[in-house]
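Student: Provided herewith is a single structure, encoded as structure tokens, for subsequent inquiry.
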Amino acid sequence: RRASTQGATTQEVGQWLAHFGAYTGINMDGGGSTTMAWWDPSAAGTDKSTLLNGPVGNGGRYESAFLEMFWSPTERHNGNNVGVYYVDVTPGDTDEDADVDLSDLGALASHYGAASGSTWAQGDFDADGDVDLADLGTLASHYGAGHAQAMKILDKVLKNELPRPTELWVSPKKRTLSTFRPLAQQLDLALQTQDCLLEQKSDENLSEFRERIRKLMDSFAERPDAVIFMCSHYDFLVESMAVIPSDKDLSDAEFSHWTPCQYIGFEVKADGIFEFLELKRIQL
């Protein structure tokens with residue numbers, strides 16, 4: 001809330017959620033327990049959280065129980081947190097495997113005509129609760145999109161616009177496997193599934209997450225002849241910029257946000273320094 005207002009009521013919050021297309025909302029708490037912040041990857045230092053709202057108080061309490069009889073305590077320190085992060089998913093991709101294909105069409109077809117309560121996985125891409133002609137049009141306009149991205153990467157390798165990989169590393173998620181599958185088939189390379197390429201886990205704090213990334217990066221110095229392509233996830237890429245020992249300042253704003261089909265290239269020297277080569281986005 002802003003300092004000049006009392007904030008939104010539960011009913012008003014519901015109205016705002018509906019206005020922005022949400023079909024499920026949860027009211028966890030309010031008042032002194034409510035603080036909104038976002039993780040700003042471009043912020044300096046290890047604490048990249050930035051306060052967005054104007055919370056009541058500063059976490060302190062009044063000095064005596066007598067005063068608290070007349071005035072409410074200020075904002076409370078508590079551990080009830082919820083995090084929301086953005087995942088870039090292609091419209092029409094019901095199973096979020098980076099391909100809009102026959103399986104997605106089948107999911108939509110099996111729920112076509114549903115009048116209410118439908119989800120993205122069932123083909124409701126405009127979040128209006130229905131699976132209808134508009135959703136079918138969305139799927140049709142993006143059909144083959146994930147495959148196009150994967151084929152574009154292969155095309156650039158075959159044209160020597162990207163180096164020819166000797167190893168393909170992917171996280172266990174389907175979308176990363178799909179991205180490199182045509183490359184693996186054409187070059188007769190195995191897709192090497194690496195758990196260390198997964199996004200941050202729910203039981204893993206930021207320091208532990210970065211340490212996992214750092215260990216992976218340190219291992220590259222032991223593989224001087226390998227040309228490794230890796231496909232991971234947004235938060236992995238953002239936090240990698242904080243731990244990679246590079247000759248380039250990776251805290252610069254150009255490395256703080258990643259879009260689909262964007263890549264960064266390094267040559268790892270004998271001393272473990274990642275020599276920056278390029279940062280580009282493959283145009284589809």
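Student: By DSSP, what percent of the beta bridges with both residues in segment 127-279 are antiparallel, rounded to the nearest 5?
Tutor: 40
Student: Now for a separate question. For segment 111-200, what does the relative contact order come out to in percent, with C-alpha contacts under 8 Å and a separation of six or more?
Tutor: Relative contact order, segment 111-200: 20 percent.
Student: Please list the non-local residues whose amide H lies under 5 Å from the amide H of SER246, H modeled 1.01 Å from N, same-chain partners needing a gap of 5 or more.
Tutor: Amide H neighbours of SER246: PHE274.
Student: Are any of the pairs LYS156/LYS280; LYS173/LYS201; LYS173/LYS269; LYS215/LYS280 more than 19 Å apart by Cα-Cα distance, and if so, which?
Tutor: Those over the limit are LYS173/LYS269; LYS215/LYS280.
Student: Given axes a ≥ b ≥ c from the Cα gyration tensor, I'd like to know whether segment 137-284 is rounded (a/c under 1.5), prolate (a/b larger than b/c) or oblate.
Tutor: prolate
Student: Sticking with this structure for a sec: Taking square-rooted eigenvalues a ≥ b ≥ c of the alpha carbon gyration tensor, is segment 94-217 rounded, prolate or oblate, where a/c under 1.5 means rounded and, failing that, a/b exceeding b/c means prolate?
Tutor: Here segment 94-217 falls in the oblate category.
Student: Report the gain in length on full extension from GLU267 to VAL89: 0.36 nm times residue separation, minus Cα-Cα distance, nm rounded to one decimal.
Tutor: In short, 61.0 nm is gained.
Student: Under a 5 Å amide H to amide H cut-off, with H placed in plane at 1.01 Å, what residues pair with ASN53 once short-range neighbours are removed?
Tutor: Here the answer is MET36, since their amide H atoms fall under 5 Å of that of ASN53.
Student: Where the centroid of each part is defined by its Cα atoms, how far is segment 100-131 from segment 134-161 in Å?
Tutor: What the calculation gives is 21 Å, centre to centre.
Every number in this text was worked out from the coordinates using simple rules, so none of it is lab data. Computed from a predicted model, the values in this text were never measured in an experiment.
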